[in-house]
Amino acid sequence: MTTKKVKVATVSLAGCFGCHMSFLDLDERLVDLVEHVQFDRSPLTDIEHCSDDCDIGLIEGGVCNSENVHVLREFRKNCKILVAVGACAINGGLPAMRNHISLEDCLNEAYMDGIGIENPQIPSDIELPLLLDKVYPLHEVVKIDYFLPGCPPSADVFWAFLTDLLAGREPKLPYELIHFD
């Protein structure tokens, strides 16, 4: 008799992809993990949309544009458990540094007034998602069930969290995994 695998989806929004890289640092533990989980939307699978029956959604990065909002809402709708992974997802992280200046000033600095710009123009293409007025942490857009702190969280944090969930336990992260001193 086979047990149904837990379906896990992952995505990176406005961030550096460091949390996914840290997740890959599970190394050989990934082999143990895939015995219990099936990856859905993820850079590991190249599936473009989150299935409507995901058990766990791991999201890194903040919310900075209309596409991020769409993806985040899709994950919330389709995942039983939604996890904000890392500082950008939890509080906006480094991308939120732009929150202290206006969007117009930010775009002008990047595309109009920067050093070495030969053809100054702010990109305007229907294919580009609209920027939001600021970078938002995930919990300001949708309900988040768990938060994995760190920049990025270590592979051991991912392992402890996921093995607790897979065992049916409420995840608990011991102090030695989450202190930053």
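Where does the chain land at 222 nm, in deg cm²/dmol rounded to the nearest 500, when only DSSP H runs of n ≥ 4 count, each adding -39500 (n - 2.57), divided by all residues?
Values: 7 runs with 53 residues, N = 181.
After summing the helix terms and dividing by the residues of the chain, the value is -7500 deg cm²/dmol.
Place a label point 7 angstrom from the Cα of residue 44 along the Cα-to-Cβ direction, then list the residues of the range 143-169 whose backbone nitrogen is under 15 Å away.
155-166
What fraction of the Cα pairs in the range 125-181, stated in percent, has a spacing above 14 angstrom?
Here the tail beyond 14 Å accounts for 67 percent of pairs.
Which percent, to the nearest 5, of DSSP beta bridges fully inside the chain are antiparallel?
If we restrict to bridges inside the chain, about 15 percent are antiparallel.
For the range 38-64 and the range 119-161, what is the separation of their C-alpha centers, rounded to whole Å?
What the calculation gives is 13 Å, centre to centre.
Quick one: which of 59-69, 22-32, 89-99 comes out on top by average Cβ neighbours within 10 Å, and what's the full order, highest first?
Answer by packing, highest mean first, reads 59-69, 89-99, 22-32.
Work out how much length residue 145 to residue 35 would gain on full extension: take 0.36 nm times their residue separation and subtract the Cα-Cα distance, in nm to one decimal.
Length difference between fully extended and current span is 37.2 nm.
Place the peptides 132-143, 164-175, 111-122 in order of packing, highest mean first, counting for every residue the other Cβ atoms within 10 Å and averaging per peptide.
Descending mean neighbour count gives 132-143, 164-175, 111-122.
For residue 102, what charge total do you get from the other residues with a beta carbon under 12 Å from its beta carbon, if Lys and Arg give +1 and Asp and Glu give -1?
My count for the surroundings of residue 102 gives -2.
Run the lone-cysteine check on the chain: no other Cys C-beta under 4.7 Å from the residue's C-beta.
So, 16, 19, 50, 64, 88, 106, 151.
If you plug each phi of the range 5-20 into the Karplus form 6.51 cos²θ - 1.76 cosθ + 1.60 with θ = phi - 60°, what whole-Hz ³J(HN,Hα) values come out, in order, with x for Gly and Pro?
Each residue of the range 5-20 in turn: 6, 6, 8, 10, 10, 9, 7, 10, 9, 7, x, 9, 6, x, 5, 5 Hz.
Can you give the FRET efficiency for residue 109 and residue 24, using 1/(1 + (r/R0)^6), R0 = 30 Å, r = Cβ-Cβ distance, to the nearest 0.05?
E(calc), rounded to 0.05, equals 0.35.
Give me, ordered by chain and number, the residues 5 or more places off residue 13 or on other chains with an amide H under 5 Å from its own placed amide H.
Answer set, sorted by chain and number: 60, 61.
Assuming R0 = 25 Å, what is the FRET efficiency of residue 133 and residue 53, from their Cβ-Cβ distance, to the nearest 0.05?
Computed FRET efficiency for residue 133 and residue 53 comes out at 0.15.
Just so you know, all these numbers are worked out from the coordinates, no wet-lab data involved. Model, not experiment: these values are computed from the prediction. Note that we place each Cβ from the backbone using ideal geometry, even for glycine, and neighbour counts take in every protein chain shown.
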